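Below: one structure, written as structure tokens.
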Amino acid sequence: MKLAFSTLGVPGMPMSDVARLAAGTGYHGVELRAHPEEPVHPEIGADERARVVAEFRDAGIEILTVAGYVRAAQAGPDEPVLAGLRKLLELAHDLGARHVRVFPGGGEQSPEEADATAARRLAAAAPHAADLGVRLLLETHDSHRTGADAARVLGLVGHGSVGAIWDVMHTWLGGEDPATSYPALSPHLGYVQVKDIASADDTTPLPLGEGVLPLTECVELLSREGWDGWLCWEYEKRWYPQAREFPELLAPGREHLLRLLTDSA
């Protein structure tokens, strides 16, 4: 498996520094948070996109994902959501990223209505994603936090250019164990987001291995099933400014993941 981290852990950090940080701590790739308060988002121009590509290429680091904030199931008309998906897909293509992350965001709709809305929009965007060589990934999150929730939507879409991100915190918070999450998500799985927290009531990010999330079980299961994709550490420093600084945790976190992988082999 390859290791990446999300820039949610280093809010506002220049891309050249992110690339150097990844290379210096032994990671293979990064998930770029695509938000206007960050250096990379859909409104940056061609010159800036080319500069970011060159910085990561020179550092030998892959841009794994453009992590957007489009909510595929949100109530309202389709076109604003589809326009947002198109912008994210084109940004990912220009950066050479494999994936675009989207949220469910079903809100107060019934599960059936939210499923149908998300599936309709993701299916509409899928041909454009395929043309660009980018995969749309629905994260287990908010209204669809379990693997079973995400799988309902993805089963309706039925397109290879639309898949899932398994966020191990949200499936755990949803009461789903890894042995249930993985079979639901495996036909669609793009990659796995790892993290750690103290409890369901305190989701402040912790160093990997210091909290309650079932990381050992997840890695053992993935290894046993022969899955050889990416593990991406999403450390939510942006939302928890009191948390420890992420750069100092990256190398120990990598060592923790490597120990889990070795023990599971």
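The string of couplings for segment 170-182 from the Karplus curve (6.51, -1.76, 1.60, θ = phi - 60°) is 6, 5, 5, 4, x, x, 10, 8, x, 5, 9, 5, 4 Hz, one whole number per residue in order, with x for Gly and Pro. Placing a label point 7 Å from the Cα of E48 along the Cα-to-Cβ line, the residues of segment 73-102 whose backbone N sits under 17 Å from it are 87-96.
Assuming a viscosity of 1.002 mPa s and a temperature of 20 °C, what translational diffusion coefficient in µm² per second does Stokes-Einstein assign to segment 91-145, Rh being the Kirkwood radius over Cα pairs? It comes out at roughly 178 µm²/s.
Calculated on the Cα set of segment 202-257, radius of gyration then Dmax: 12.5, 38 Å.
Evaluated at q = 0.13, 0.16 Å⁻¹, the base-10 log of the normalised Debye intensity for segment 36-144, with identical point scatterers placed on the Cα atoms, takes the values -0.49, -0.70.
Sequence-distant contacts, meaning Cα pairs under 8 Å at least 6 residues apart, place the relative contact order of segment 168-265 at 28 percent.
Note: segment 120-265, Cα convex hull, 121 Å³ per residue.
Using the Cα coordinates of the chain, the gyration tensor eigenvalues translate into equivalent-ellipsoid semi-axes of 26, 24, 17 Å, sorted from longest to shortest. Cross-link reach is defined here as a Cα-Cα straight distance under 17 Å, omitting same-chain residues fewer than 8 places apart; for K2 the lysines meeting it are K195.
Each Lys and Arg contributes +1 and each Asp and Glu -1, all at the Cβ; summed about the Cα centre of the chain, the dipole is approximately 540 debye.
Over segment 150-265, what percent of the accessible surface lies on carbon and sulfur atoms, probe 1.4 Å?
Working: 2380 of 4900 Å².
Taking all protein chains in place, segment 150-265 shows 49 percent carbon and sulfur surface.
When the Debye formula is applied to the Cα atoms of segment 156-209, each taken as the same point scatterer, what base-10 log of I(q)/I(0) results at q = 0.12, 0.17, 0.26 Å⁻¹? For segment 156-209 at q = 0.12, 0.17, 0.26 Å⁻¹, log10 I(q)/I(0) is -0.33, -0.60, -1.05. With 0.36 nm allotted per residue and the present C-alpha distance subtracted, the E113-D131 stretch has 3.6 nm of extension available. The local environment of P252, defined by Cβ-Cβ distances under 13 Å, has a net charge of -2 under the rule Lys, Arg +1 and Asp, Glu -1.
Within the set of other residues whose C-beta is less than 14 Å from the C-beta of M1, count the net charge using Lys and Arg as +1 and Asp and Glu as -1.
On the way: positive: K2, R224, R254, R259; negative: E62, E220, E225, D228, D263.
Result for the local shell: -1.
The P(r) of segment 72-119 has a tail past 14 Å containing 53 percent of all C-alpha pairs. The residues of segment 56-159 present an accessible area of 39 Å² per residue when probed at 1.4 Å with all protein chains retained.
With contacts taken as Cα pairs under 8 Å at a separation of at least 6 residues, the chain carries a relative contact order of 19 percent. Size of segment 59-210 from its Cα atoms: along the principal axes, largest to smallest, the extents are 46, 41, 26 Å. Put simply, when 238-245, 39-46 are sorted by average Cβ atoms within 10 angstrom per residue, most first, you get 39-46, 238-245.
The values are calculated or read from the model by the stated rules, or taken from the named source; none is laboratory data. The model shown is predicted, which means the values in this text are computed figures rather than measured ones. Glycine gets a Cβ as well: all are built from the backbone with ideal geometry, and neighbour counts include every protein chain shown. Heavy atoms of the whole protein, side chains included, go into the accessibility calculation; ligands, DNA and RNA do not. Shrake-Rupley method; radii C 1.70, N 1.55, O 1.52, S 1.80 Å.
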